[in-house]
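Novice: Once you've had a glance at the structure underneath, I'll fire off some questions.
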Amino acid sequence: MAEMSLEDLNLKKPLDKMTAKELRELAIEKIPQIKGASGMEKHELIKEIKELCGILEDAENPYKEQIWSIKREIKELKTQKAQLPSSHRKQRDRLRRQIKRLKNRTRRLAEAV
């Protein structure tokens, strides 16, 4: 199997910024070495493409699980906020601030690596 480089693929944007659909099309059209690309998820496609191009995978964020749990909490808070009538302004503001703090925490955790 011949190694290729990312330059050979003529990408318009970085792999991480591409959608799963774009990655699948890329794998099917330009990288026939990847088998089963149509059934793969985004992270699997990126991993396979990087392997074929000889790019070592970046270290995975050790806070990944914590970030996802915070994001689930944010989603729950957003649904609570949406269910509150507009007359409950103090509660809505409290939820908004709580969501903002949690979002900032996820950003800090993501950058901590």
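Each value in this text was obtained by applying a stated rule to the coordinates, not by laboratory testing. Because the structure is a prediction, the values reported are computed rather than measured. Note: ideal-geometry Cβ built from the backbone for every residue, glycine included; neighbour counts use all protein chains shown.
Novice: Subtracting the Cα-Cα distance from 0.36 nm times the residue separation, let me have the gained length for A112 to L77 in nm, one decimal.
Specialist: Roughly 10.1 nm would be gained on extension.
Novice: Using only alpha carbons, build the gyration tensor for the range 6-52 and give me the equivalent ellipsoid semi-axes, biggest first, whole Å.
Specialist: 14, 12, 10
Novice: Rounded to the nearest 500 deg cm²/dmol, what is the calculated helix-only ellipticity per residue at 222 nm for the chain, with -39500 (n - 2.57) per DSSP H run of length n ≥ 4?
Specialist: -19000 deg cm²/dmol
Novice: What full-extension length gain, to one decimal in nm, is calculated for L84 and W68 as 0.36 nm per residue of separation minus the Cα-Cα distance?
Specialist: 3.3 nm
Novice: Can you tell me the dipole magnitude for the range 6-52 around its Cα centre, using point charges on the Cβ only (Lys, Arg +1; Asp, Glu -1), in Debye to the nearest 20?
Specialist: Approximately 140 debye in magnitude.
Novice: In addition: At Q91 and E41, where each label point lies 7 Å from the Cα along Cα→Cβ, what is the point-to-point distance in nanometres?
Specialist: 3.5
Novice: May I pose another question? What angle, in degrees between 0 and 90 and rounded to the nearest 10, separates the Cα long axis of helix 20-30 from the longest principal axis of the Cα atoms of the chain?
Specialist: Result, in degrees: 0.
Novice: Now for a separate question. Percent relative contact order of the chain, based on C-alpha pairs within less than 8 angstrom and at least six residues apart?
Specialist: Averaging sequence separation for qualifying contacts and normalising by length gives 23 percent for the chain.
Novice: I want to verify the translational diffusion coefficient of the range 64-111 in µm²/s; compute it with Stokes-Einstein, Rh as the Kirkwood radius over Cα pairs, at 4 °C and 1.567 mPa s.
Specialist: Approximately 116 µm²/s, per Stokes-Einstein.
Novice: Check the straight Cα-Cα distances from K50 and name the lysines below 18 Å, setting aside those fewer than 8 residues away within the same chain.
Specialist: By straight Cα distance, K50 reaches K12, K13, K17, K21, K30, K35, K42.
Novice: Then there's this: Computed from the coordinates I sent, Cα extents along the principal axes in Å equals one of (1) 63, 28, 23; (2) 80, 63, 17; (3) 48, 26, 19. Tell me the label.
Specialist: (1)
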